[in-house]
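Derivation of every value follows stated rules applied to the coordinates shown; laboratory data play no part. As the structure is a computational prediction, the values presented were derived from the model and not from experiment. We place every Cβ from the backbone using ideal geometry, glycine too, and count neighbours over all the protein chains shown.
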Amino acid sequence: MSGDSAILWVLATNERAKAFYVRQGWVDDDARQTETIDDGRVTLEEMRYRRPLP
């Protein structure tokens, strides 16, 4: 995507949130990241969504 845009990260397993963001015009841009919390005991997979700014 070109130009200015907003981004957000959502848990890959959160289907309800992902569907909400898509309905609002956000697009999965195929970026992924892994977050580790709780002293390394919990690993969270995240997906990045992007939306053009007006």
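Computed about its Cα centre, the charge dipole of the chain is approximately 280 debye, with only Lys, Arg, Asp and Glu carrying charge at their Cβ. Taking the helices alone, the chain has a mean residue ellipticity at 222 nm of -4500 deg cm²/dmol, built from -39,500 (n - 2.57) per DSSP H run of at least 4 residues and averaged over all its residues. Report the net charge of residues surrounding ASP30, where surrounding means a beta-carbon distance below 14 angstrom and charges are Lys +1, Arg +1, Asp -1, Glu -1. Result for the local shell: 0.
Under Stokes-Einstein, with the Kirkwood radius over Cα pairs standing in for Rh, what whole-number D in µm²/s applies to the chain at 20 °C and 1.002 mPa s? Diffusion coefficient, whole number: 178 µm²/s.
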